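To keep things clear, I will list the structure first and then write my remarks on it.
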Amino acid sequence: MIRIESDSFGQIEIDEKLLYGIQTVRTLQNMSFSNKPLSNYPEYLKTIASVKLAAAKANNYEKLISDDKFNAIEYACKKIQAGDFLEHFPVDVFHGGGGIGINMNVNEVLTSLANQKLQHSTFKVHPIEDVNLSQSTADVCSTTSRITIFILAKQLISQVHLLIEAFSAKSNEYSDVETMSRTCLQDALPIRFYDFFSAYIELLKRRAVSIEASIQPLLLINLGGTVVGTGDGASDYYKKNIVGILKDEIKLPLEKNPNLIDCAQNIDLFIDVSNQLAQLSNAYLKIAKDLRILSSGPYGGFNEIKLPAVQNGSSFFPGKINPVIPETVIQCSLQVLGIHRSVCGALEHAELNLNVFESFAVFNILDQINLITNVTELFRNKCIAGIEINEQRCSELASSPIPYLSRLKQKIGYTKVNELLKKHSFEEIKLMNLI
């Protein structure tokens, strides 16, 4: 079974089973390239359904939509909030038009679901006149984006704190074990693993705090600003109350942004979040590279730590175990850093009264968050929690000539130690019992 829908560009045949309509099909035909459908972002869909429901409540209060229509729209929104019908959101999230395809896809699906609820009624819900009433793609998608990033970033922060706890547990487990520190990849002084890992812990704590700070401004939303922030097309009641209604629906401390025109034009707050995600990735790069070096060997490398063996490391060498988890973390981090460059581009191409590339930045940020959240849990469970310290190897390194000569320098001076090294081997110097 098919149905025929039409717009100013002509008619399109649509499978009767599909909940979306002609505007979604137009977006699919004209602006698809990334293979990233809206259905890949369920949290975003849940949030935009909440935004649409809040708008319907405000419009119903003013009798701009009837009780029957409101009840049908509410039914539809709650279905999407529950995560149902994801397959009916096929639009490519990267497309021109300032995210118009996303908003229209949602409007059409909600309309179809609402009209299923009203199938025995003489009137029907309309995607623009009812579901999109008092709204614009600009304020709906921007508000949805801010809330979604906030929610998912909070989940990431929780995962980072669990990673911190894993490092803390590991540092306490081997608190008295010393190994050799290095500067310029050359031997330096003995250092406890407790102290070594403490630097990772502090680094991750700072990153978590910085991400938390970067997402707080996102709670200032611009719903009610419609297209460019002036609020044209929305009633005074709607503009005054919509943020409070959504706040009750979302259960987050949302506030109306004091400058809605600024919200429409500028997306630097999103770039701040992306930058903090990039900095967390840089931290992961440092840690993963360190662990990869420290576990190298076991005969020709550092061999100071043993990473958990999760799978065979080679199709050629029997028993070879590679640091596959740190290498996975490194690749994830590089991917996040690359995405950050794309996010910055969305800010750089802003122009006049609306940044039409905002959704491009937003979905890239959601990809960043998803990547880092996944790899953080992987890093903790498959690597950090199972690290073992090679105490014998570390003891050998910590008792090597460098620490002894460093202590001797403190006693007799740098110049005299150098003079001794020119004339004697380390073993001969040690036999002199100068310390």
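The values are calculated or read from the model by the stated rules, or taken from the named source; none is laboratory data. Because the structure is predicted, anything quoted here is derived from the model rather than measured. For neighbour counting, all protein chains shown are included, and Cβ atoms are generated from backbone atoms with ideal geometry for every residue, glycine included. The protein model used for the area step is the full one, side chains on, heavy atoms only, and it has no ligands, DNA or RNA in it. Shrake-Rupley method; radii C 1.70, N 1.55, O 1.52, S 1.80 Å.
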HN-Hα couplings for the stretch 390-407 via Karplus (6.51, -1.76, 1.60; θ = phi - 60°), in whole Hz with x for Gly/Pro, come out as 7, 5, 5, 5, 5, 4, 4, 5, 5, 9, 6, x, 4, x, 4, 5, 5, 5
quick shape note, the stretch 83-140: Cα extents on principal axes in Å, largest first -> 38, 27, 16
With Cα coordinates, the longest principal axis of the chain makes an angle with the long axis of helix 67-81, in degrees rounded to 10, of 20 degrees
With the charge dipole of the chain built from beta-carbon charges (+1 for Lys and Arg, -1 for Asp and Glu) about the Cα centre, the Cα from H88, A166, S281 projecting farthest to the positive end belongs to A166
Per residue, accessible area of the chain with a 1.4 Å probe, heavy atoms of protein chains only, in Å², comes to 48 Å²
Taking alpha-carbon centroids only, the stretch 101-125 lies from the stretch 391-411 a number of Å equal to 75 Å
Relative contact order of the stretch 37-181 (C-alpha contacts under 8 Å, at least 6 apart) in percent is 28 percent
Scalar couplings 3J(HN,Hα) for the stretch 111-125 by Karplus 6.51 cos²θ - 1.76 cosθ + 1.60 (θ = phi - 60°), nearest whole Hz, x for Gly and Pro, are 5, 4, 5, 5, 6, 5, 5, 9, 4, 9, 8, 8, 10, 10, 7
Given 17-26, 203-212, the highest-first ranking by average Cβ count within 10 Å works out to 17-26, 203-212
Rounded to the nearest Å, the spacing of the alpha-carbon centers of the stretch 21-77 and the stretch 416-435 is 79 Å
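Is there a quick way to get the dipole size of the stretch 115-256? I mean about its Cα centre, with the Cβ of Lys and Arg at +1 and of Asp and Glu at -1; what is the value in debye to the nearest 20?
Result for the stretch 115-256 is approximately 280 debye, rounded to the nearest 20.
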Projected onto their principal axes, the Cα atoms of the stretch 278-331 stretch, largest extent first, over whole-Å spans of 38, 21, 15
For the stretch 280-417, the Cα convex hull volume per residue in Å³ comes to 190 Å³
CD proxy, 222 nm, the chain: helix-only mean residue ellipticity via -39,500 (n - 2.57) per DSSP H run with n ≥ 4, per residue, nearest 500, stands at -19500 deg cm²/dmol
All alpha-carbon distances of the stretch 188-282, grouped into 5 Å bins from 0, give the whole-percent distribution 3, 12, 16, 15, 14, 10, 8, 6, 5, 4, 3, 2, 1, 1, 0
Longest principal axis of the chain (C-alpha) makes with the long axis of helix 324-348 (C-alpha) an angle, in degrees to the nearest 10, of 50 degrees
Tilt, helix 137-173 to longest principal axis of the chain (alpha-carbon atoms), in degrees rounded to tens, equals 20 degrees
Any trypsin sites (Lys or Arg not before Pro) in the stretch 108-156 that lie in a DSSP loop and have at most 14 other Cβ atoms within 10 Å would be K124
Answer in debye to the nearest 20: the dipole magnitude of the stretch 356-430 about its Cα centre, from +1 Lys/Arg and -1 Asp/Glu charges placed on Cβ, is 700 debye
Mean shadow area (nm²) of the C-alpha convex hull around the stretch 25-142 is 6.9 nm²
If N is the residue count of the chain, its Cα Rg over 2.2 N^0.38 Å rounds to 1.32
Excluding ligands, DNA and RNA, the carbon-plus-sulfur percentage of the accessible area of the chain with a 1.4 Å probe reads 52 percent
A correct Kirkwood calculation over the Cα atoms of the stretch 238-339 returns a hydrodynamic radius in Å of 17.8 Å
Projecting the Cα atoms of I412, L371, L354 onto the charge dipole of the stretch 283-435, where Lys and Arg contribute +1 and Asp and Glu -1 at Cβ, the residue farthest towards the positive end is I412
Expected field for I242, accessible surface area in Å² at 1.4 Å probe radius, rounded to 10, holds 0 Å²
Quick calc, the chain, dipole around Cα centre from Cβ unit charges on Lys, Arg (+) and Asp, Glu (-), nearest 20 debye, gives 1420 debye
